[in-house]
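Below is one structure, written out as structure tokens; the observations come after it.
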Amino acid sequence: MQTGKVIKHIVSWLKAYCDDADLKGFVVGVSGGIDSAVTSTLCARTEKQVILLSMPIYQDPGQLSLAQQHIEWLEQNHGQAKGVRIDLTPPFQALEESFPADIQDGLTMANTRSRMRMVTLYAFSTHHRMLVVGTGNKVEDFGVGFYTKYGDGGVDILPIADLTKSEIYAIGSELGIGKEIMDASPTDGLWDDNRTDERQIGATYAELEWAMQFEVESGDDGQLDSRQKEVLSIYRRFRQANRHKMDPIPVCKIPEAMR
């Protein structure tokens with residue numbers, strides 16, 4: 001991949017889209033992970049206003065530290081970038097107190113955290129007339145659907161969603177993203193035990209990239225070793241379960257004869 005050219009292309013695309021929408025800039029949630037670091041840096045390179053939101057909810061101190069380091073780095077190198085920290089733990093606790101205890105399973109509350117962050121991003125974007133920028137990559141958004149519907153999936157634009165995780169790391173290196181972020185294990189930061197993406201999915205992003213390409217090329221399952229078969233099964237299971245996120249919302253069409 002020609003990383004330099006890809007970076008220029010995405011920055012140009014972001015700037016043109018913002019200009020066409022007649023808006024002032026971008027709002028990005030910064031988590032301390034590679035995807036949000038790359039996305040926010042690309043936005044900052046447009047030289048438009050960028051609000052960098054850190055939105056902790058019972059957050060791991062290590063993730064908060066990485067997010068803050070990246071925000072400060074962008075503020076130092078791009079005068080139009082501004083970091084804002086909004087502690088969402090108190091409103092999340094209010095929801096915990098309001099919701100019936102029997103619906104507060106792990107996945108439900110993890111998704112609720114993500115949706116609270118989406119609401120916060122749009123509060124800032126609406127007030128400041130900016131675009132909410134998604135940080136999802138190709139494997140997450142169009143492979144296994146590893147995101148929260150109307151949470152981190154609720155965005156205006158997706159600048160890195162046509163890039164695999166390995167490509168995003170290459171771009172991160174070119175952009176000068178901090179080593180600690182580059183080396184950190186990917187995590188969505190939505191669980192109390194700080195579980196990694198690999199632990200949740202059961203496969204690494206490199207393995208999922210392989211499975212995604214294998215499906216595109218219509219490979220022969222019979223030629224695979226045991227781990228490859230396991231990874232392909234994981235990929236297919238997640239993709240099938242999350243199709244509802246990637247497909248358009250179903251609309252019940254009324255036959256003309258009934259009108």
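Observations on the structure shown:
- Between residue 227 and residue 195, the C-beta separation translates, for a Förster distance of 22 Å, into a calculated FRET efficiency of about 0.55.
- With 24 Å as the limit on Cα-Cα distance, the pairs of 82/138; 138/229; 15/82; 8/179 that go past it are 82/138.
- Here the 3J(HN,Hα) profile of segment 36-43, calculated from phi with Karplus coefficients 6.51, -1.76 and 1.60 at θ = phi - 60°, is 6, 5, 5, 4, 5, 5, 4, 4 Hz, Gly and Pro shown as x.
- In Hz, Karplus ³J(HN,Hα) per residue of segment 166-180 (6.51, -1.76, 1.60; θ = phi - 60°; x = Gly, Pro): 5, 5, 5, 4, 5, 5, x, 5, 5, 7, x, 4, x, 4, 4
- Relative contact order for the chain, counting Cα pairs under 8 Å that sit 6 or more residues apart, in percent: 20 percent
- From most to least packed by mean Cβ count within 10 Å, the peptides 80-86, 4-10, 45-51 give 45-51, 80-86, 4-10.
- Packing-based ranking, highest mean first, of 30-40, 90-100, 137-147 given that Cβ atoms within 10 Å are counted: 30-40, 137-147, 90-100
- For segment 1-135, the Kirkwood hydrodynamic radius comes to 15.8 Å, computed from all pairs of different C-alpha atoms.
- Helical mean residue ellipticity (222 nm; -39500 (n - 2.57) per DSSP H run of 4+; nearest 500) of the chain: -16000 deg cm²/dmol
- Only Cα pairs under 8 Å and 6+ residues apart enter the sum, and on that basis the relative contact order of segment 14-154 stands at 28 percent.
- Segment 75-177: C-alpha gyration tensor shape, a/c 1.5 cut-off, then a/b vs b/c: oblate
- The H on the amide N of residue 81, modeled in the peptide plane, is under 5 Å from the matching H of 50, each at least 5 residues off or on a different chain.
Laboratory data are not the source of any read-out in this text; all were calculated from the coordinates shown. These numbers come from a predicted model, not from an experiment. A quick note on method: Cβ atoms are made from the backbone with ideal geometry, for glycine too, and the neighbour counts reach across all protein chains shown.
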